[in-house]
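The values are calculated or read from the model by the stated rules, or taken from the named source; none is laboratory data. Everything quoted here is computed from the prediction, not taken from an experiment. Cβ placement follows ideal geometry from the backbone for every residue including glycine, while neighbour counts extend to all protein chains displayed. Remember, those area values only see protein heavy atoms, side chains included, never the ligands or the DNA or RNA. Shrake-Rupley method; radii C 1.70, N 1.55, O 1.52, S 1.80 Å.
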Amino acid sequence: MVHPRSKITTLTEFVIQRQYEYPHAKGALTRLLNDIATAAKIVNREINAAGLVDILGTVGKENVQGETQKKLDVFANEMFITALKGGGECCAIASEENEKVITFSNDFSHLGKYVVAMDPLDGSSNIESNVSIGTIFSIYRRISEIGSGTQEDLLQPGLNLVASGYVIYGSSTMLVYTTGKGVNGFTLDPSVGIFCLSHPDMKYPDTANIYSINEGNYIYFPEGVKQYIKYCQESDPESFRPYTSRYIGSLVADFHRNLIKGGIFLYPGTTKNPNGKLRLLYECSPMAFIAEQAGGKASTGTQRVMAIQPETLHQRVPFYTGPKWMVEKIEALIKGSTE
Ligand code: AHM
Ligand code: MG
């Protein structure tokens, strides 16, 4: 008899199977993705205990083991850095939590072929209210030849991405990633601590009808965005309008819901912050790669996000992502309103 569990494909199995499609691959990317998955599981464990941590001792106080409690985003940052440094496949990291590039010069990391840009815990202001948060990661091939990685290795456009993905710590924990051959999602089975393929070949549904934007900033939005919001609220059953409005305020969670249910995410530039809030290198580019691989699009309103050459590590860009036709509509309205 075939045990039902024998049909499960684990993340590790899946990545190894894919590796055979690259005849020269030596397993470095497989190991790197495993390092990320391992760190994610540990971060997941801490997030699940967040309420308990508050009871046992908050930030700055000692917990029962006498250790000082760290804020979860600092903890997540340290966990991913430690895993990537120990894994030896990554020679440098750019993180939302660190102003400068973190370079590794230990015996094996300086031989690592890859660099990683990450937001270790995105949407962390949502932790205390038990709302879904996430980790975002991007993997690039290094440009420098050898030695510890450099800032130049990280300042690459999304078009150079080898892989990108996110982990959503939600009602279940999922890891979703792409290497440019579609998007696949893996759900963590907490009983055994293994990510299992649960969402193969993810694509935006044709019936998309959600828009996600922080409408509280309405008065600061550009004219084209104001017009788009009005468009979303108009009645036209053929295009599933009026759309429904959903906004969590946690990019990974908003993006993930929109990918599954069908919707557009918008974080525009405003009169106060013309480049918006979200960071190109470790928030927008990795999500753009996933969106495109899922049959969608990601734009600044005037430019393809994947094509932007980053100038600085923490550069921000306006961000519109979702099914192609939805993003094309906002692009058209932005164009029309500036002509
Ligand atoms: P963070 O990196 O400081 O957590 O901020 C990024 C988060 C995103 O997850 C989310 O899309 C956005 O900030 C929400 O911003 P706002 O509260 O302005 O709507
Ligand atoms: Mg963030």
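What the table shows:
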{"item": "Total residues in region 230-269, condition within 16 Å of ligand 2 (Cβ to nearest atom), open to solvent by less than 70 Å² (accessible area, probe 1.4 Å) and not aliphatic (A, V, I, L, M)", "result": "7"}
{"item": "Top-ranked residue of region 121-137 - restricted to ones that are within 10 Å of ligand 2 (Cβ to nearest atom) and either among the acidic types (Asp, Glu) or farther than 15 Å from Met174 by Cα (or both), ranked as modelled with the highest pLDDT", "result": "Asp122"}
{"item": "Number of positions in region 129-144 that are in contact (Cβ under 8 Å) with a residue 60 or more places away in the chain, within 13 Å of ligand 1 (Cβ to nearest atom) and over 19 Å from Ala37 (Cβ atoms)", "result": "1"}
{"item": "Helices (runs of 4 or more DSSP H) wholly inside region 14-92 containing at least 2 residues that are modelled with pLDDT under 85 and under 24 Å from Asp189 (Cβ atoms)", "result": "50-56"}
{"item": "Region 93-120, subset in a helix (DSSP H, G or I) and open to solvent by 10 Å² or more (accessible area, probe 1.4 Å), residue farthest from ligand 2 (Cβ to nearest atom)", "result": "Leu111"}
{"item": "Residue ID - surrounded by the fewest Cβ atoms within 10 Å (Cβ to Cβ), chosen from residues in region 270-286 that are in contact with a strand residue (DSSP E or B) (Cβ under 6 Å, 6 or more places away or on another chain) and hydrophobic (A, V, I, L, M, F, W, C)", "result": "Leu278"}
{"item": "Whichever residue in region 100-128 is β-branched (Val, Ile, Thr) and either within 13 Å of ligand 1 (Cβ to nearest atom) or closer than 16 Å to Arg279 by Cα (or both) and, among such residues, is farthest from the chain's Cα centre (by Cα)", "result": "Val101"}
{"item": "Long-range neighbours under 7 Å by Cβ, at least six apart or interchain, first residue of a type in the set (Ser, Thr, Tyr) within region 273-285, second open to solvent by 10 Å² or more (accessible area, probe 1.4 Å)", "result": "Tyr282/Glu96; Ser285/Leu161"}
{"item": "Qualifying residues in region 79-99 (those that are closer than 22 Å to Glu145 by Cα and of a type in the set (A, V, I, L, M)) - the one nearest to ligand 1 (Cβ to nearest atom)", "result": "Ala94"}
{"item": "Filter result (open to solvent by 10 Å² or more (accessible area, probe 1.4 Å), closer than 15 Å to Asn275 by Cα and not β-branched (Val, Ile, Thr)) within region 314-339", "result": "His314, Gln315, Arg316, Pro318"}
{"item": "Breaking point among (1) within 12 Å of ligand 1 (Cβ to nearest atom); (2) in contact with a strand residue (DSSP E or B) (Cβ under 8 Å, 6 or more places away or on another chain), for Gly296", "result": "(1)"}
{"item": "Hits in region 214-229 (condition: surrounded by 15 or more Cβ atoms within 10 Å (Cβ to Cβ) and over 29 Å from Asn126 (Cβ atoms))", "result": "Gln227"}
